[in-house]
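Input: a single structure, listed below in structure tokens.
Where a number appears in this text, it was derived from the coordinates with a stated rule and is not lab data. It should be emphasised that the depicted structure is a prediction, and the values quoted were computed from it without experimental measurement. Backbone-built Cβ (ideal geometry, glycine too); neighbour counts: all protein chains shown.
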Amino acid sequence: MTTIDNTQTASAFTLDVRDDGVAILTINVIGETMNTLKVEFAEQIDSVLKQIQADSSIKGVVLISGKDNSFVAGADISMLDACQTAEDATNIAKGGQDMFQRIENMPVTFVAAIHGPALGGGLELALACHYRVCSDDARTQLGLPEVQLGLLPGSGGTQRLPKLISIQQAMKMMLTGASVRAKQAQKYGIVDDMVPQSILLEVAIEMAKKPKPSRKGPKLDLMGKFLEKTPFGRNIMFNQARKQTASKTQGNYPSPELIIDCIETGINNGINKGLVVEAKHFGNLVMSPESESLRSLFFATTDMKKENGIEGVQSAPLTKIGILGGGLMGGGIAYVTAVKAGLPARIKDIRAEGISNAIKYSYDIQNKKVKRRFIKKSEMQKQLSLLTGTLDYSGLTDADVVIEAVFENLELKQQMVEEVENNCAEHTIFASNTSSIPIAQIAEKAKRPEQIIGLHYFSPVDKMPLAEVIAHDKTSDLTISTIVELAKKQGKTPIVVKDGAGFYVNRILAPYVNEAAEILLAGEPIENIDKALVKFGFPVGPIKLLDEVGIDVGTKIGPILEAQFGDRFSSNSNFDKVLADDRKGKKNKRGFYDYAGKNPGKEVDQSIYTVLGITATNQLSREQISERCVLLMLNEAARCLDEGVIRNARDGDIGAIFGIGFPPFLGGPFRYMHTLGISHLIARLEHYQALLGDKFKPAECLQQMKAEEKTFY
């Protein structure tokens with residue numbers, strides 16, 4: 001084997017030519033934990049490709065990663081921030097397109113040997129190769145997630161993937177940004193083979209000796225052929241895709257519509273025209289405010305993953321976790337502990353039925369993945385073996401953390417503290433999943449209050465990405481860092497917040513929901529209120545949200561907040577009539593929405609207006625409804641930052657987006673206030689203060705920021 005020494009390529013690319021005529025091109029970005037593509041690599045790759053063309057002994061090339069955890073995790077997003085104009089960004093896309101087109105046009109066969117993530121530009125690089133083989137490792141995933149950053153695949157992805165697999169499947173991957181596991185990638189035709197990692201290189205080398213394939217495109221059924229192979233069918237397919245996309249995005253995200261445009265152009269007019277449109281749209285999206293906000297969110301969450309709970313304080317070891325309570329929350333917590341974190345989770349409940357239900361929660365989720373061939377049955381069995389149950393504290397004496405997920409009752413939670421301190425190890429941390437009770441109250445009678453902390457998950461636990469880590473004034477730094485580390489292992493994005501009623505997320509949510517209730521009680525139809533906030537960018541409207549979380553649960557936090565913060569959290573007592581009518585929402589199929597009709601939960605239950613004693617007539621515009629609700633949330637978020645409930649604006653933005661679905665394209669409440677301008681924000685608050693009272697009075701910290709000409713970012 002001959003290693004070609006080239007100082008230009010040594011930093012990231014190494015070319016080794018074997019005696020059998022196959023060259024191994026290894027990408028290994030020095031100083032990075034994962035490979036990412038950078039603009040400066042263009043010259044390095046150009047040099048390597050010239051070497052390959054000049055060496056007549058090379059018959060095939062295997063492109064493989066020098067990292068043991070990834071192929072190429074995407075392009076370096078930070079390079080986009082240096083773009084001053086859309087043209088600058090378009091040129092970056094054109095550079096990537098040209099580079100990958102050269103690989104596709106090479107006379108020798110190129111094979112991508114993929115182990116670990118091949119995402120974004122990494123998958124686009126692999127798509128430019130003539131064959132692809134991937135490892136069957138659980139870490140291997142392939143996808144084009146650019147839409148999640150308000151962008152689109154800009155280096156040929158919108159053109160190559162639809163030609164390789166079905167247009168509909170390619171479009172789905174790009175519009176959702178969802179990645180696929182190795183098995184799915186093989187099923188869809190993204191890769192030509194899937195093998196154990198131990199023989200990945202060997203199989204790729206044999207592929208590289210083959211001539212370049214003549215692809216005929218994916219196999220399609222009769223309907224697929226009509227939709228993808230006929231002009232009339234394609235017209236129907238793309239029009240339907242646009243309608244569905246508009247319904248989901250509410251016009252707030254420009255990238256999905258442009259992804260469809262790129263695909264359609266390439267399919268109807270050829271790859272060259274498709275690439276031109278792709279680069280142009282990419283350039284415009286890079287400069288869009290939506291992408292700027294989404295990229296800032298990406299960088300914020302990336303930075304958070306590198307942080308400890310307390311700077312300089314490392315987590316204690318985590319080997320076993322206990323969970324008290326086998327209800328929905330307990331089952332969800334057990335799932336993320338065993339399946340996501342890979343830690344043994346022992347569930348304690350007073351009933352055997354509770355334990356079996358909690359374990360079934362994980363089984364149901366993972367069994368669906370097995371049926372869809374996302375994971376192997378053996379992998380599911382290995383994960384479920386980490387779940388055990390007990391009716392007493394046996395098997396919990398050595399737990400590092402015990403998480404309680406029992407009813408919202410202070411005395412019960414204090415009893416749980418006492419039992420854990422009496423039955424578990426001295427180092428065991430007690431974490432409460434309370435959503436409303438101050439942690440200091442739960443720790444009042446504790447022997448070791450420094451090991452009592454809040455760990456507030458959001459429902460459903462397996463899907464919601466946020467966790468609030470709530471420290472009271474006696475919680476130790478070691479306890480904070482350990483719980484932050486546990487939450488990260490469970491796949492959560494944790495924010496550390498100060499103890500107090502409602503913590504952060506529920507505290508800013510309460511005035512938002514209260515104002516929606518006030519608007520409803522003034523006679524505005526429920527569907528108008530919910531549609532206004534969905535149009536603004538929330539995943540569901542505030543009235544629908546009450547039905548989803550449970551009207552009884554949603555109204556519990558109000559009195560606690562009112563007791564601590566006063567009149568601005570007072571809610572209209574007319575809502576008591578809803579509970580008096582035994583309406584708890586989705587869980588008992590009686591709420592603001594009708595759960596008995598043909599479309600359960602889709603239509604408003606008209607009888608609710610009689611219960612409330614109101615006549616619903618449209619009075620306000622969508623903008624007025626959304627502005628009133630959102631302004632109160634923004635005002636409260638500013639107070640939370642001023643009072644130190646959250647550490648910084650970044651944590652406040654992440655908490656609101658991941659916890660309650662604040663529109664990601666706006667960047668979070670603090671990024672949105674920054675965009676609006678503090679003076680404009682105060683003017684709008686004062687406008688409503690004059691109309692509707694002092695609950696809209698601008699927070700003092702905002703007034704001070706205006707006087708000092710400060711902003712959040």
Exercise for the section: Provide, in order from the shortest bin, the percent of all Cα-Cα pairs of region 279-408 in each 10 Å bin, continuing until the bin that contains the maximum pair distance. Expected result: 12, 30, 24, 21, 10, 3, 0
Exercise for the section: Calculate how steeply helix 678-692 sits against the longest principal axis of the alpha-carbon atoms of the chain, using the helix alpha-carbon long axis, and give the answer as 0 to 90 degrees to the nearest 10. Expected result: 40
Practice task
Report the charge-dipole magnitude of region 2-286 in Debye, nearest 20, computed about the Cα centre from +1 at each Lys and Arg Cβ and -1 at each Asp and Glu Cβ.
Solution key: 1340
Completion exercise
As a percent rounded to 5, the proportion of antiparallel DSSP bridges among beta bridges in region 2-286 is 30
Completion exercise
In degrees rounded to 10, the 0-90 angle between helix 41-54 Cα long axis and the longest Cα principal axis of the chain is 30
Practice task
Please arrange THR479, THR90 by counting, for each residue, the other beta carbons lying within 10 Å of its beta carbon, fewest first.
Solution key: THR90, THR479
Exercise for the section: Only helical DSSP H runs with n ≥ 4 go in: add -39500 (n - 2.57) per run for the chain, normalise by residue count and round the 222 nm mean residue ellipticity to 500 deg cm²/dmol. Expected result: -14500 deg cm²/dmol
Exercise for the section: Would you work out which of GLN606, TYR595, GLN619 lies farthest towards the positive end of the dipole of region 586-627? Charges go on Cβ: Lys and Arg +1, Asp and Glu -1. Expected result: TYR595
Handout entry: Extreme residue, positive dipole direction of the chain, given options LEU164, ILE263, GLY224 (C-beta unit charges)
Key = GLY224
Handout entry: Of LEU328, GLN415, ILE439, farthest towards positive along the dipole that unit charges on Lys, Arg, Asp, Glu beta carbons give region 321-499
Key = LEU328
Practice task
For the chain, go through all pairs of different Cα atoms, get the mean of 1/r, take its inverse, and jot down that Kirkwood value in Å.
Solution key: 27.9
Practice task
Starting from the alpha-carbon convex hull of region 112-225, give the projected area averaged over all orientations, in nm².
Solution key: 7.0
Problem - Burial order of peptide ranges 102-110, 332-340 (average beta-carbon count within 10 Å, highest first) - result: 332-340, 102-110
Exercise for the section: Taking the chain as the reference, fit the longest principal axis to its C-alpha atoms, fit the long axis of helix 622-642 to the helix C-alpha atoms, and give the angle between the two in degrees, 0 to 90, nearest 10. Expected result: 80
Problem - Translational diffusion of region 2-286, µm² s⁻¹ [Kirkwood Rh, Cα pairs; Stokes-Einstein; 37 °C; 0.692 mPa s] - result: 171
Practice task
Please state the charge dipole magnitude for the chain, taken about the Cα centre, from unit charges on C-beta atoms (+1 on K and R, -1 on D and E), reported in debye and rounded to the nearest 20.
Solution key: 2760
Practice task
Whole number please: convex hull volume per residue, Cα atoms of region 321-499, in Å³.
Solution key: 97
